[in-house]
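Student: Once you've had a glance at the structure underneath, I'll fire off some questions.
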Amino acid sequence: MQSAKTKIEIEEAKNPDTSPDVLASLVRNKGDVMVRRCVAINSAASPLTLELLASDKSTQVRRAVASNPSTGSSALAQLAHDKDWLVRRNVAVRTSLPSDVLGILVGDKNVNVRSNLASNPDIPFDVFLELAHDEGEDVRCRLSSNLHIPPDILAELAIDVNTQVRRGVAENTSTSPSLLMDLSKDKDGGVRRAVAESLSAPADVLALLAIDDIWTVRRAVAENPNTRSSTLAKLGTDKSHKVREAVANNSNTSSYVLEVLTSDEYPSVRQHAHRQLVTNTVEIG
């Protein structure tokens, strides 16, 4: 049971309007761990108070300090060496990290810490490059999905030995059309499907994928709003009814093809074709 005094101190420690001096006094009194944790979370706490809490015996307190936007660079450098990997993880996801802290984290022995660093939108080129060569596949996977990754690094990851890494590049909205063209020839069907699903995929790339051996790739092409009506016309005769159904749902499909699909052997294809024709008529009207 918490005492009445402790409950009052917790409320003070949580309040963003509490002065930095009062928050510092709550820490100096070495009171209840919940009080110290609440101070560690409070962005009104001074960098000096947070640096003191960076050495707290409680991992919960140190994790909170690592996440506090008011924590200074010296405390972050200390926390980047913390024995608790979740503390180091909380440091790794922060933006505007000093170069010395980044240097510590990029070499962290825990793959989860490096993976979280790989997702950080605010890391410099040299860190991106080092993470692209990381032995941890999860690190490179997370890196391939980073929307702020430089084009040169994306191109390097596009030929990674790991399928999930290449798929991450294909799914990344920052990937260039020329790189998507390269990935459309990938040996893995999942990578090619990711290209076919990309809203950045040019119509020429989608036209090539429309003749893919895997029906799910062709269906993704049929679903893509960038697919030309001429490509959709070819897919309208696809052997897979799932592909034809996707063609019937695409607003780029011509009325002629939709009329043909209203006589399809599969009810679902006919239903979607009828619905799209009605939608087109309403939009024209």
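The values are calculated or read from the model by the stated rules, or taken from the named source; none is laboratory data. As the structure is a computational prediction, the values presented were derived from the model and not from experiment. Cβ atoms come from the backbone with ideal geometry, glycine included; neighbour counts cover every protein chain shown. Only protein heavy atoms, including side chains, enter the accessible area calculation; ligands, DNA and RNA are left aside. Shrake-Rupley method; radii C 1.70, N 1.55, O 1.52, S 1.80 Å.
Student: Beyond 19 Å between alpha-carbons counts as too far, so tell me which of K57/K83; K57/K109; K83/K109; K7/K30 fall in that bin.
Tutor: Where the Cα-Cα span goes over 19 Å, the pairs concerned are K57/K109.
Student: If you don't mind, there's one more thing I want to ask. How large is ³J(HN,Hα) for each residue in the range 97-108, as worked out from phi by the Karplus curve 6.51 cos²θ - 1.76 cosθ + 1.60 (θ = phi - 60°), to whole Hz, x for Gly and Pro?
Tutor: Each residue of the range 97-108 in turn: 6, x, 4, 5, 5, 4, x, 6, 6, 5, x, 4 Hz.
Student: Would you mind pulling out the separation of the Cα centroids of the range 1-45 and the range 230-285, in Å?
Tutor: 64 Å
Student: Sticking with this one: To the nearest 20 debye, what charge dipole does the range 133-196 have about its Cα centre, counting +1 at the Cβ of each Lys and Arg and -1 at the Cβ of each Asp and Glu?
Tutor: With only Lys, Arg, Asp and Glu charged at Cβ, the dipole is about 340 debye.
Student: Given A13, V101, L129, which one lies farthest toward the positive end of the charge dipole of the range 1-146, if we put +1 on the Cβ of every Lys and Arg and -1 on the Cβ of every Asp and Glu?
Tutor: Going by the Cα projections, it comes out as A13.
Student: Mind checking the dipole of the chain: about its Cα centre, +1 per Lys or Arg Cβ, -1 per Asp or Glu Cβ, Debye to the nearest 20?
Tutor: It comes to approximately 720 debye.
Student: Turning to a different aspect of this structure: Calculated from DSSP H runs of 4 or more alone, at -39500 (n - 2.57) each and per residue, what is the 222 nm mean residue ellipticity of the chain, nearest 500? Kindly include the intermediate steps, with their values, before the conclusion.
Tutor: Details: 21 runs with 180 residues, N = 285.
Taken over the chain, the calculation gives -17500 deg cm²/dmol.
Student: If the only charges are +1 at each Lys and Arg Cβ and -1 at each Asp and Glu Cβ, what is the size of the charge dipole of the range 1-147 around the Cα centre, to the nearest 20 debye?
Tutor: Details: 18 positive and 19 negative charges, 108 e Å.
Roughly 520 debye for the range 1-147.
Student: Also, I was wondering about something else. Name the most mobile residue of N15, N172, N116, meaning the one with the largest mean-square fluctuation, in a Gaussian network model of the chain with Cα contacts below 10 Å.
Tutor: Taking springs between Cα atoms under 10 Å, the residue moving most is N15.
Student: Tally Lys/Arg at +1 and Asp/Glu at -1 over every other residue whose Cβ is under 14 Å from the Cβ of V247; what's the total?
Tutor: +4
Student: I've got another one for you. Please express the shape of the range 99-156 as an equivalent ellipsoid: the semi-axes are the square roots of 5 times the eigenvalues of the C-alpha gyration tensor, given largest first in whole angstrom.
Tutor: The three semi-axes for the range 99-156 are 16, 13, 9 Å.
Student: Would you mind getting the accessible area per residue of the chain, heavy atoms of the protein chains only, 1.4 Å probe, in Å²? If you can, show how the numbers build up before the last one.
Tutor: Numbers: 14300 Å² over 285 residues.
Using a 1.4 Å probe on heavy atoms only, each residue of the chain averages 50 Å².
Student: So, one more: Working with all protein chains in place, sort I214, I41, I10 by solvent-accessible area computed with a 1.4 Å probe, largest first.
Tutor: Working: I214 65, I41 90, I10 15 Å².
From most accessible down to least: I41, I214, I10.
Student: Where does each of L208, L48, L277 land when they are ordered by accessible area, with a 1.4 Å probe and the largest first? Let's see the in-between values first.
Tutor: Details: L208 95, L48 135, L277 30 Å².
From most exposed to least exposed: L48, L208, L277.
Student: Can you compute 3J(HN,Hα) from phi for each residue in the range 144-154, using the Karplus curve 6.51 cos²θ - 1.76 cosθ + 1.60 with θ = phi - 60°, rounded to whole Hz and x for Gly and Pro?
Tutor: 5, 9, 6, 5, 9, 6, x, x, 5, 6, 4
Student: Roughly how many percent of the accessible protein surface of the chain is carbon and sulfur, given a 1.4 Å probe and a whole-percent answer?
Tutor: 53 percent
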